[in-house]
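One structure is given below, encoded as structure tokens.
The values are calculated or read from the model by the stated rules, or taken from the named source; none is laboratory data. Worth saying up front: this structure is predicted, and the values here are computed from it rather than measured. Cβ coordinates were reconstructed from backbone atoms using ideal geometry, including for glycine residues, and neighbour counts include every protein chain displayed.
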Amino acid sequence: MKIKIAGKAGFCYGVRKAVELAEKAAGENKKPIYTAGPLIHNQQEVRRLSGLGVKVLSSVENIGSGTIVIRTHGLPKKTMLKLRRKALTVIDATCPFVKRVQHLVEKLSKDGYNIIVIGEKNHPEVVGLVSYSSKPVVVVNTEEGVKRLALPPGASVAIVSQTTQSSEKFNKLVSLIRKKYRTAKIYNTICNASNERQKAAASLAGKVDVMLVIGGKNSGNTARLNDICRKRVKTYHIESARDIKESWVEKNMTIGITAGASTPEWIINEVVAYLSRNALSAK
Ligand code: SF4
């Protein structure tokens with residue numbers, strides 16, 4: 001059995017920084033330390049941080065004191081303002097790439113554009129992005145969604161993307177939107193980390209017998225890697241080594257591994273170690 005890991009896999013810049021800030025806060029700052037929602041979409045890593053004293057809040061409404069770490073996806077504008085007015089230490093770990101899109105949405109809406117976000121309506125990043133617009137924003141994620149767009153013909157339209165969308169889908173939906181709104185301005189705001197992981201996963205998936213995509217079941221960027229790989233080869237989305245079934249792997253196989261931007265290295269290492277241990281006993 002051969003094991004190959006995609007050239008780019010696992011923690012991205014934004015997630016690594018957020019985890020480091022949370023760890024530092026746990027060591028130095030006023031307790032209790034909270035995060036607004038899970039810091040990243042990886043329950044194993046969130047559990048590890050909880051062991052250091054970093055607790056997840058489902059709602060930030062009633063928090064009165066302590067330290068709060070803002071996750072990589074950011075928070076709605078009004079929520080951020082409310083938190084900053086409280087007697088709290090606010091550590092902003094919003095990824096700079098997400099911040100850039102928040103500011104872009106704010107500016108485009110001020111300039112009078114009708115903004116279309118390509119992404120998942122209920123994803124925390126998208127909920128945050130939408131909050132930065134002074135006008136209603138439309139979120140589309142499918143071709144059907146594009147068909148339903150009801151902005152008046154000739155409207156000034158600007159398109160941005162959730163940072164972790166797949167380029168394939170973004171390009172497809174943009175070309176459809178442009179058939180309806182020919183002058184639409186396009187801002188491809190997919191971050192480099194997502195692009196690089198998607199390209200590396202697609203390339204590896206074309207060279208192996210099976211792909212394992214490691215990452216949280218609630219992680220959007222991991223879901224995208226899974227979609228990309230399963231179009232090319234038999235693919236399994238796992239959260240940890242414990243999810244691997246013996247029947248998936250055979251002795252002569254080459255197994256490819258990729259991992260979402262919120263998957264820590266220690267989980268990737270555990271999967272590799274598990275496969276290596278079981279390589280000899282595989283059929
Ligand atoms: S995937 Fe991109 S936008 Fe999201 S945290 Fe990582 S670097 Fe930032």
Among the listed residues 79, 72, which satisfies the condition of being within 16 Å of the ligand (Cβ to nearest atom), at pLDDT 90 or above and either closer than 29 Å to residue 187 by Cβ or in a helix (DSSP H, G or I) (or both)?
72
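Identify all residues within the range 22-57 that are hydrophobic (A, V, I, L, M, F, W, C), part of a strand (DSSP E or B) and within 21 Å of the chain's Cα centre (by Cα); write none if there are none. Reasoning before the result, please.
Narrowing the range 22-57 to residues hydrophobic (A, V, I, L, M, F, W, C): 22, 25-26, 33, 36, 39-40, 46, 49, 52, 54, 56-57.
From the residues that got through so far, the ones that are part of a strand (DSSP E or B) too are 33, 36, 54, 56-57.
If the condition is that a residue be hydrophobic (A, V, I, L, M, F, W, C), part of a strand (DSSP E or B) and within 21 Å of the chain's Cα centre (by Cα), then 36, 54, 56, 57 are the ones that fit.
For the range 138-195, enumerate the residues that are within 16 Å of the ligand (Cβ to nearest atom), assigned to a loop (DSSP other than H, G, I, E, B), of a type outside the set (Val, Ile, Thr) and within 23 Å of residue 107 (Cα to Cα). Walk me through how you get there before you give the answer.
Going through the range 138-195, the residues within 16 Å of the ligand (Cβ to nearest atom) turn out to be 160-167, 169-170, 187-195.
Pick out the ones that are also assigned to a loop (DSSP other than H, G, I, E, B) and you get 162-166, 187-191.
Next cut, of a type outside the set (Val, Ile, Thr) only: 162, 165-166, 187-188, 191.
Scanning the range 138-195 gives 162, 165, 187, 188, 191.
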Based on what the data block shows, is residue 271 outside the structural domain of residue 164 (by TED's automatic domain parsing), in contact with a strand residue (DSSP E or B) (Cβ under 7 Å, 6 or more places away or on another chain), modelled with pLDDT under 95 and not aromatic (Phe, Trp, Tyr)?
no
